[in-house]
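No lab work stands behind these numbers, since they all come straight from the coordinates. From a predicted model like this one, the values you see are computed outputs, not experimental measurements. Counting neighbours? That spans all protein chains shown, and the Cβs are built from the backbone with ideal geometry, glycine included.
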Amino acid sequence: MKTMTMKKRSPLTDQAKLKALCDLVCDDIEGLFDLLQLEYKDNGRMYSMCCPIHGGDNPSAISLYPEGNSYRGNWKCRTHGCEMYFKPSVLGFIRGVLSNQKYNWEKPDDQTVSFEEAVQFATEFTKQDLKNLHISRSDRNKQSFTSIMNYVKDKEEEKQQKIPRELVIKTLQIPAQYFIDREYSPEILKKYDVGLCNNPNKEMYNRVVVPIYDKDYNSMVGCSGRSIFEKCSECNCFHNPEHSCVSKDDAWKHSKWKHSANFKTQFSLYNYWFAKEHILESLTAIIVESPGNVWRLEEAGIHNSLAIYGASMTDRQKVLLDGSGAMNLVVLTDNDEAGKKAAQQIKEKCQNTYNVFIPTISKSDVGEMSIEEINQEIKPLLEKLT
């Protein structure tokens, strides 16, 4: 009779050990950045930088959380969604950066380093042997406690950030001329309280502010601000052209878009406060990338759209969506490579819950479409779903 032997689990598939390795990397995250020769900005609980994976020049493109939003070392590329290809763990980040540095990776079909190479880099950086990496019960309990405390802290920060809508309106010049010049109607900008901040004592000074409200439309839980200046050809920042170029340390202050301090986009779906009743009535939700797409659909009489603030849907955004009562999901992400990748990510996340439709549009994004084009290309599908 043959004796049955237990097959040893490969360290590369041992999720507990891989997580422990990620935690060790995050313990010296700045050392990792220095080793990879990355320029970065420490924003407290989050680091930002130009994306070293697809090679962008937006200093706030990457957000990496060494202490974790959902787990330690999770990260997001807000311009190209690189985390969807390399996975949003610190090992995925290492693999993406090494792929760019070794093979000049820029898009999904380009050559990459292997996952094994990324793990080897991490073990050499932390001076660990993955096979012999020991995980004690106390370490597991500590990690669980830290996750719980971070979740509680996130919730407390959300409560602290709320600002009454009446106060928001008083502090902004509404409607914002910047977006009127980009062919959005004053009426739609007034509806969404989009206005210029001209108070030099505020963090959104010289930015057009897009308030983000709670589901009851009572208080602002955060905001995004678009610089009123265009990109400087010399320093690639968005600063007053009458002033000299900004230093690399201050580049993050002069990014194209900027979220208010401590606002976490993964907790929110833009326009939920207006769209929820229309979604419940039509049983259909439309997913777009940015507030500008929402405004254009509103101008065309379509009131059930939600923006995800970028090129991927988070688990917490899906939880919000699941509470909307929608049965159908129309995905209208941008008509480029990153947008198509985002649409596929949303489909994979939602296809077991919703009927998912991904129509093709003729322009680069919904915000670039005319009302006539929306009537011709988007409304016929929506009418079939009602």
Q | LEU189, LEU321 arranged by Cβ crowding within 10 Å, fewest neighbours leading | A | LEU189, LEU321
Q: Pick out, in residue order, every one of the GluC sites (Glu not before Pro) in the range 193-245 that is DSSP loop and has at most 10 other C-beta atoms within 10 Å; say none if there are none.
A: GLU230, GLU234, GLU242
Q | Estimated distance in nm for a label pair at LEU385 and ASN355, the labels positioned 7 Å out from Cα along Cα-to-Cβ | A | 1.0
Q | Pairs from LYS170/LYS253; LYS19/LYS87; LYS191/LYS264; LYS41/LYS253 whose Cα-Cα separation, in the structure shown, is over 19 Å | A | LYS170/LYS253; LYS191/LYS264
Q.
Once each part is reduced to its C-alpha centroid, what is the distance from the range 206-282 to the range 93-125 in angstrom?
A. 31
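Rg/Rh for the chain: what does it come to with C-alpha atoms and Rh from Kirkwood?
Ratio value, two decimals: 0.99.
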(Q) For a test of the definition: using alpha carbon positions, the gyration tensor, and the 1.5 limit on a/c, classify the range 321-386 as rounded, prolate or oblate. (A) oblate
Q) How much length is gained on full extension from ILE180 to LYS215, taking 0.36 nm per residue of separation minus their Cα-Cα distance? A) 9.9 nm
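How would you order 20-27, 89-96 from highest to lowest mean count of nearby Cβ atoms within 10 Å?
Result, highest mean first: 89-96, 20-27.
Calculate the FRET efficiency for GLU124 and ASP315 from the Cβ-Cβ distance with a Förster distance of 35 Å, rounded to the nearest 0.05. Display every interim value, and only then the final one.
Details: r = 32 Å, r/R0 = 0.91.
Working from the Cβ atoms, E equals 0.65.
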